[in-house]
1. Yes or no: the range 116-137 includes at least one residue that is under 22 Å from Cys207 (Cα atoms), free of Cβ contacts under 8 Å to residues at least 24 places away in the same chain, of a type outside the set (A, V, I, L, M) and assigned to a strand (DSSP E or B).
2. Of all strands (runs of 3 or more DSSP E) completely enclosed by the range 195-252, which ones contain at least 1 residues that are in contact with a Leu (Cβ under 6 Å, 6 or more places away or on another chain)?
3. Residues Gly100, Gly165: which one is under 12 Å from Leu39 (Cβ atoms) and modelled with pLDDT under 95?
4. Conditions first: (1) surrounded by fewer than 22 Cβ atoms within 10 Å (Cβ to Cβ); (2) out of contact with any Pro (no Cβ under 9 Å at 6 or more places or on another chain); (3) over 17 Å from Gly46 (Cβ atoms). Gln136 passes all but one, so which condition is the exception?
5. State all residues of the range 212-222 that are buried (at least 24 other Cβ atoms within 10 Å of the Cβ) and not polar (S, T, N, Q); if no residue qualifies, say none.
Amino acid sequence: MRLRRDQYRSVGRAAAETAEAIAGIELPSDSRAAAFFDLDNTLLHGASLFYLARGLHERDFFRTSDILRFGYQQIRFAAGAEHAVHMSEARNTALSFIAGRSVAELSRIGEEIFEERMASKIWPGTQAIAHLHMDQGQRVWLVTAAPAEIAAIIAKRLGLTGALGTVAEHTNGEYTGRLVGDLLHGDAKAAAVEALAAREGLDLSLCSAYSDSANDIPMLSLVGHPCAVNPDRKLRKHAKQHGWRIRDYRGRRRNTTLGVAAGSGAVAGTAAGILIARHRR
């Protein structure tokens, strides 16, 4: 009985979030309009790179100490503290453990990890907005610093048009441990959206963009219909000053210290679980 009641509550919350998500949103029915969604903390609860790292760790790609570093980065994402330095650290670690691995292998494993760890972490409210755009005949892209292969998997699973992500260099079907260019982050995201709009014949004044991070203000400022989703403090302030829409699906806003403390407990539990699992092998 308890399980069924919890299931009803979950369905009820999803329905409420969907109703709130699409309320008051008017979208142009125009082939030149499209929508661009950030991934981490916008469409996905948490950091995609952390979920990928967890899944790869379970498949013996790297050590337990590495998952602790990713866990710390996940806490910072959850607290809305995304920063270019932390993104760079995550990039370098990620590149080191995929060097020499095949593109086909990572794509296959990425599909598995999405089902295991990410599918249940999609924000229903943000997904409802993406579907609203598609229902209007608009194209919808993910625009993320996550690896392009993972971004493409998520976009495909959610029925989106496609994805722009960070491109890891590969030769003869294997990763080299280097990037093509740099992380798709901040101004680079805005440049990618501009290039895509030019290629696809889009009118950016008719387009929409969604993000949680002040780092994406350049991308949000490009379009006629920007929206801050689960925004960090800086983006929330900027959005209010500029009259941008704000959507927050995190429930009652919590004290950052409490959130970090809870995150620390989760990471400690993760590490303990990993160590126990290793001893049982």
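1. Looking for residues that are under 22 Å from Cys207 (Cα atoms), free of Cβ contacts under 8 Å to residues at least 24 places away in the same chain, of a type outside the set (A, V, I, L, M) and assigned to a strand (DSSP E or B), one finds none in the range 116-137, hence no.
2. Hits in the range 195-252: 208-211, 225-229.
3. Gly165
4. The single condition Gln136 does not satisfy is (2).
5. Asp212, Asp216, Met219, Leu220
The values are calculated or read from the model by the stated rules, or taken from the named source; none is laboratory data. All values derive from a computational prediction rather than experimental measurement. Backbone-built Cβ (ideal geometry, glycine too); neighbour counts: all protein chains shown.
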